[in-house]
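Below is one structure, written out as structure tokens, with a few remarks after it.
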């Protein structure tokens, strides 16, 4: 009898079907909530990248006493500028990890303006999903002076 019980260990077809049905129900509830989130995740990523640029630019300023010009651009955070005002205390290795300026989540370059035109020392803009100025929804620009308002 003990041998017979050992041979019958395992799952029955009904038990497996119950598990599959439960997983199907869970997937049906969770997947629709996740599917609409990629654009929101891209917008959040752009905001985080802009905040990282702001921190790196402040470090650049602390070391050198000025912000890179519009012409020097964000590239000044990874390579010492050779034109315009040359920083004297430029950090070895630059101010961004990876020594590369990332593109925005849609593959476009960020727009950098210094001095800024919105009562700031600089402005940083992602042109959103459409890659063009302006827009609404996912196409709306993400602006450094407006991060809290851009959800």
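Do we find a residue being touching a residue at least 40 places away in the same chain (Cβ under 8 Å) and closer than 26 Å to residue 39 by Cβ anywhere in region 90-98? So that I can check it myself, show each step before the final result.
Taking region 90-98 and keeping what is touching a residue at least 40 places away in the same chain (Cβ under 8 Å), we get 96.
So of that shortlist, the ones also closer than 26 Å to residue 39 by Cβ come out as 96.
For region 90-98, residues touching a residue at least 40 places away in the same chain (Cβ under 8 Å) and closer than 26 Å to residue 39 by Cβ: present.
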Discussion item. Kindly evaluate residue 61 against the criterion of being out of contact with any strand residue (DSSP E or B) (no Cβ under 8 Å at 6 or more places or on another chain) and farther than 22 Å from residue 39 by Cβ.
Written reply: yes
Worksheet item: Quick one: would you say residue 125 is loosely packed, with under 15 Cβ neighbours inside 10 Å and touching a strand residue (DSSP E or B) at 6+ places or on another chain (Cβ under 7 Å)?
Response: no
Fill in: Residues being touching a helix residue (DSSP H, G or I) at 6+ places or on another chain (Cβ under 7 Å) and at pLDDT 85 or above - total across region 130-151
2
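Tell me, which helices (runs of 4 or more DSSP H) lie completely within region 1-117 with 3 or more residues that are modelled with pLDDT under 90 and surrounded by 11 or more Cβ atoms within 10 Å (Cβ to Cβ)? Before the answer, list the steps.
Numbers: elements: 2-7, 13-35, 38-64.
The helices (runs of 4 or more DSSP H) meeting that bar are 13-35, 38-64.
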Item to complete: Give region 121-146 a look and list any residue that's in a loop (DSSP other than H, G, I, E, B) and more than 16 Å from residue 74 (Cα to Cα), or say none.
Response: 128, 129, 130, 131, 132, 133, 134, 135, 136, 140, 141
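The values are calculated or read from the model by the stated rules, or taken from the named source; none is laboratory data. Treat the numbers as computed from the prediction; the structure is a model and nothing was measured. Neighbour counts run over all protein chains shown; Cβ positions are idealised from the backbone, glycine included.
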